[in-house]
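No value in this document is a laboratory result; all are computed from the given coordinates. Keep in mind it's a predicted model, so treat the numbers as computed, not measured. We place every Cβ from the backbone using ideal geometry, glycine too, and count neighbours over all the protein chains shown.
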Amino acid sequence: MAPNLNPAVQTTAKKRKSVDRLLLQIIGYVTLTLLAIFCLFPFILVISSSLTEESKIIENGFQLIPTDFSLEAYSILFKYPQEMLNAYGVTISVTLLGTLFGLFLTSMTAYVLARKDFKWRNHFSLFFFFTTLFSGGLVPWYLLIVNYLELKDTLIVLILPMLLNVFYIIVMKSFMGSIPEAIIESAKIDGASDFQIYRRFVLPLSKPALATIGLFIALGYWNDWYNALLFISNSDLMPLQYYLYRLLGNMDGMRKAMMASGAVISVNIPTESLKMAMTIVATGPIMIAYPFIQRYFVQGLTIGAVKG
């Protein structure tokens, strides 16, 4: 048996543990606060640069506090508000539809591959993994989309190519593999079909993984401009990223043409501050949405990585 300790010694030990725990918490909070402030510096720098006069950026570089306040970059961005709103509408529609259908197909595929009673699951897993090593290339892919599927200048062409991602399927499969088999077996005994098990049991238990993969899919759709570059020529179907890409390209081209011709640039074209303003416009909605799913994001990513 353990020897009885003096009550005074026990009290001193408890106080010491409390002081150590308090000290550890203070150090942890201070460290995390400093790291958070350090991570905020780039965002503050981007916001400040987007509100700074172009000549001051060229003269003094990027600064945390705007020395010469200017909204010229934002005035150029929103010079044609209808086009900007239309680009936002296309991007939001593509992101919502792509994330919804992408999550549905990814989770269904992962659920089938995670079922141990599906005897072909290893063969299908190998098939999916094979696509990550080899592909047909850009030209066959372009011909398939344009000539055979005839999806050029349609909203579907911005959704379909990114609908499934093998890495997301693997992460989701690993997460669903951690769900106790007894839950599925009991649902089978009660007469539930495979789709009912998937909808009523597997999906509710997979909320952290769904939130994590959903965020990844949404970010992919939101930041995509390459598919629009290849397949979109209709200005009404341009997503936000491609619209900003074209706008910046036009501004750079105009400036280089004026410099090459030897013309005197009477108007200072705010290319640097315009880039920063574009960053704010493009990332603002995602930054606003991220805190709402942050807790699911961390939990789902950790579990998926450990189980993988």
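Which of Pro81, Phe101, Pro42 sits closest to the plus end of the dipole of the range 11-130, meaning its Cα is farthest towards the positive end, when Lys and Arg get +1 and Asp and Glu get -1 on the C-beta?
Positive-most Cα among the choices belongs to Phe101.
If I stretch the segment between Ile288 and Phe78 completely, what's the gain in nm (0.36 nm per residue apart, minus their alpha carbon distance), one decimal?
73.5 nm
Quick check: residue separation of Gln196 and Asn122 times 0.36 nm, minus the Cα distance between them. What number comes out in nm? Walk me through the numbers on the way to the answer.
Working: separation 74, 0.36 × 74 = 26.64 nm, distance 2.36 nm.
Stretched fully, the Gln196-Asn122 segment lengthens by 24.3 nm.
To make sure I understand, if each residue's beta carbon is the centre and we count other beta carbons within 10 Å, what order do Val281, Val94, Val146 fall in, fewest to most?
On the way: Val281 20, Val94 24, Val146 15.
Fewest to most other Cβ atoms nearby, the residues stand as Val146, Val281, Val94.
Assuming a ≥ b ≥ c are the square roots of the Cα gyration tensor eigenvalues, decide whether the range 36-83 counts as rounded (a/c under 1.5), prolate (otherwise, with a/b larger than b/c) or oblate.
oblate
Quote the FRET efficiency, to the nearest 0.05, computed for Asp236 versus Tyr29 with a Förster distance R0 of 41 Å and r equal to the Cβ-Cβ distance. Present the calculation step by step, with values, prior to reporting the outcome.
Details: r = 50 Å, r/R0 = 1.23.
With a Förster radius of 41 Å, E is 0.25.
Based on other C-beta atoms within 10 Å, arrange Ile170, Ile183 from fewest to most. Walk me through the intermediate numbers first.
Details: Ile170 18, Ile183 13.
By the 10 Å Cβ count, ascending, the order reads Ile183, Ile170.
Just want the ordering: Tyr74, Tyr148, from fewest to most Cβ atoms lying within 10 Å of their own Cβ.
Taking fewest neighbouring Cβ atoms as first place, the list is Tyr148, Tyr74.
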